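Student: One structure, as structure tokens, below. Some questions next.
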Amino acid sequence: MATFAVILPAAGKSSRFGDKNYKKPFAPLDSRPVWMYPTEKFLARDDVKQVIVVISPEDREFFNFKFASNVAILGVDVVEGGAERAESVEKALARVKPDISHIAVHDAVRPCITNEWISRVFEEARKTGAAILGLPVSATLKRVGANRQIEETVSREHLWEAQTPQVFKRELLLEAYAKRGSFAATDEAQLVERLGKPVSVVMGSAINIKITTREDLRLAEQALKALPKPKLPGFSHPFGDDDKWR
């Protein structure tokens, strides 16, 4: 049976989020922090044996103050990341348990993930060694210059938007990071592609949104109402009434 470790990068600067009180992984979403939604979803699976949350060193004090009890109850590992996403994931890779066969990386700010989508991409990665969720691009794409004028219309044929989870056989992802050098990859699939290895794309969903702005947070709140909510024993709300998102 394949076993999975899940890495949740949450060490970004959240510069576009525009909230002076919270970075986006820690913002209240219907009274829970954003990062806890995917964490609980993965922990509810029998094939997930480890969840690692990666935070910025500058957020350690805040994170411990707000979420230490939840971390202890849920049994997740917390790792301090680096300046870039690739550095953060690489630090988490060093903490993956030795008996894990596959590693998934999922954006901590994608709270609207479902067990069905996880199962599909996990199964594809188990069969092929590398798989990600994605969506075919449906909008018309324009290449725009520095003056914000259109330079050309780009064909959307064969173009897909990458999502997460991105899931890989353990040895493959470790090799991809070992050969990364200083290359600043924007996702894990890009590093595997650089090895010349195939990566399968599994159909995702528009509901699997990545929170970037506060407006995205409100959209996620509506989307979550239509999704099943996992219940794990011992959960406590880290936000009081004064912290609840409005």
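The values are calculated or read from the model by the stated rules, or taken from the named source; none is laboratory data. All values derive from a computational prediction rather than experimental measurement. Positions of Cβ are backbone-derived with ideal geometry, glycine not excepted, and every protein chain shown enters the neighbour counts.
Student: So, in segment 134-147, of the ones that are modelled with pLDDT of 95 or more and exposed (fewer than 10 other Cβ atoms within 10 Å of the Cβ), which residue ends up farthest from residue 117 (Cα to Cα)?
Tutor: Once the filter is applied, the top-ranked residue is 145.
Student: Are there any pairs with C-beta distances below 9 angstrom linking a residue in segment 141-154 that is in a strand (DSSP E or B) to a residue that is modelled with pLDDT under 95 and of a type in the set (Gly, Ala, Ser), with the two at least 6 apart or on different chains, and if so which?
Tutor: 141/155
Student: (1) of a type outside the set (A, V, I, L, M, F, W, C); (2) crowded, with 19+ Cβ neighbours inside 10 Å; (3) in contact with a helix residue (DSSP H, G or I) (Cβ under 7 Å, 6 or more places away or on another chain): which one isn't true of residue 180, the others all being true?
Tutor: Going through the list (1) of a type outside the set (A, V, I, L, M, F, W, C); (2) crowded, with 19+ Cβ neighbours inside 10 Å; (3) in contact with a helix residue (DSSP H, G or I) (Cβ under 7 Å, 6 or more places away or on another chain), residue 180 breaks only (2).
Student: What number of residues within segment 61-117 are on the phi > 0 side of the Ramachandran plot and either buried (at least 24 other Cβ atoms within 10 Å of the Cβ) or in contact with a Gly (Cβ under 6 Å, 6 or more places away or on another chain) (or both)? Spell out the reasoning first.
Tutor: Step one: of segment 61-117, the residues on the phi > 0 side of the Ramachandran plot are 75.
Then keep just the ones that are either buried (at least 24 other Cβ atoms within 10 Å of the Cβ) or in contact with a Gly (Cβ under 6 Å, 6 or more places away or on another chain) (or both); that gives none.
Residues meeting the conditions: 0.
Student: Something else: Taking segment 154-171, which residues are farther than 10 Å from residue 102 by Cβ, hydrophobic (A, V, I, L, M, F, W, C) and within 17 Å of the chain's Cα centre (by Cα)?
Tutor: 162
Student: Inside segment 177-210, can you point out the residues that are within 18 Å of residue 131 (Cβ to Cβ) and among the hydrophobic types (A, V, I, L, M, F, W, C)?
Tutor: Result: 185, 189, 191, 192, 195, 199, 201, 202, 203.
Student: Continuing with this model, one more query. For segment 156-180, which residues satisfy the criterion of being more than 24 Å from residue 208 (Cα to Cα) and part of a loop (DSSP other than H, G, I, E, B)?
Tutor: Start the filter on segment 156-180 by keeping residues that are more than 24 Å from residue 208 (Cα to Cα), which leaves 170-172, 174-180.
Those that are more than 24 Å from residue 208 (Cα to Cα) and part of a loop (DSSP other than H, G, I, E, B): 179, 180.
Student: Output yes when any residue across segment 181-194 is touching a Leu at 6+ places or on another chain (Cβ under 8 Å), assigned to a loop (DSSP other than H, G, I, E, B), farther than 19 Å from residue 52 by Cβ and among the aromatic types (Phe, Trp, Tyr), and no when none is.
Tutor: Yes, segment 181-194 contains a residue that is touching a Leu at 6+ places or on another chain (Cβ under 8 Å), assigned to a loop (DSSP other than H, G, I, E, B), farther than 19 Å from residue 52 by Cβ and among the aromatic types (Phe, Trp, Tyr).
Student: Could you check segment 70-118 and list, in sequence order, the residues that are among the polar types (S, T, N, Q) and assigned to a helix (DSSP H, G or I)?
Tutor: Filtering segment 70-118 down to residues among the polar types (S, T, N, Q) leaves 70, 88, 101, 114-115.
Scanning segment 70-118 gives 70, 88, 115.
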